[in-house]
Amino acid sequence: MSAAPRLITARLLLREWRAEDREPYAALNADPAVREFFPERLTRAQSDAQIAVFEEHFAAHGFGMWALSLRSGGELIGFTGMDLATYDAPFAPAVEIGWRLARTAWGHGYATEAALATLEFGFEALELREIVACTTPANLRSRAVMERLGMTRDPREDFDHPEVAAGHPLCRHVLYRLGAAAWRKRRGG
């Protein structure tokens with residue numbers, strides 16, 4: 001299995017997953033506040049399985065969800081990265097950016113900082129034409145990150161997520177997009 005490339009920002013390290021990440025990642029996924037906009041919290045086994053999926057995605061595609069840690073201290077604070085959105089939605093297949101941070105890491109700008117590094121990798125190293133993001137309408141924190149990244153939303157593209165049960169309060173999702181040309185224009189290139 002090929003190793004995930006590392007991305008380094010001023011305060012963060014986007015890196016490969018390690019055995020010692022499993023416990024804090026499971027704790028993050030068991031936190032009801034962190035999982036507020038997901039249908040359920042994850043068990044330790046489900047969290048471990050998700051890390052395995054992240055690692056397999058990197059091996060297969062050269063990108064995925066990085067373990068996110070602070071450069072100072074090195075503790076895991078969550079993940080940030082990209083995966084393939086291949087589920088049944090009008091915009092799929094697409095490359096989707098995502099993040100999930102421990103509650104103690106909220107409010108410090110880490111999600112935006114890590115997502116900017118991820119977008120740079122996607123647009124520059126992978127030469128992607130577009131990256132999307134989606135969440136429930138009520139997830140204002142994540143939507144604010146998407147907007148800080150320069151992503152835009154067209155309400156006509158809102159959709160019911162096929163991986164959430166029909167009629168579930170979290171089924172409806174908003175879609176944000178960012179194209180490579182808009183990314184480069186924002187960066188002054």
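Structural remarks
- Matching residues, the range 139-150, being surrounded by 19 or more Cβ atoms within 10 Å (Cβ to Cβ) and not in a helix (DSSP H, G or I): 149
- If the condition is being under 18 Å from residue 48 (Cα atoms) and either under 13 Å from the mean Cα position of the chain (by Cα) or surrounded by 21 or more Cβ atoms within 10 Å (Cβ to Cβ) (or both), then the range 70-97 contributes 76, 77, 78, 79, 80, 81, 83.
- Scan of the range 101-138 for residues that are in contact with a strand residue (DSSP E or B) (Cβ under 6 Å, 6 or more places away or on another chain), surrounded by 20 or more Cβ atoms within 10 Å (Cβ to Cβ) and in a strand (DSSP E or B), ordered by number: 101, 131, 132, 133, 134
- Of 126, 119, 68, all but one fail to be in contact with a Gly (Cβ under 6 Å, 6 or more places away or on another chain) and at pLDDT 95 or above; the exception is 68.
- Those residues of the range 83-130 which are of a type in the set (Asp, Glu) and at negative phi, in sequence order: 83, 88, 96, 113, 120, 124, 130
- Of residues in the range 72-90 being of a type outside the set (Val, Ile, Thr) and touching a Leu at 6+ places or on another chain (Cβ under 6 Å), the one farthest from residue 132 (Cα to Cα): 78
The values are calculated or read from the model by the stated rules, or taken from the named source; none is laboratory data. Since the structure is predicted, the reported quantities are computational estimates derived from the model, not experimental observations. All Cβ positions, glycine included, derive from the backbone under ideal geometry; neighbour counts span all protein chains shown.
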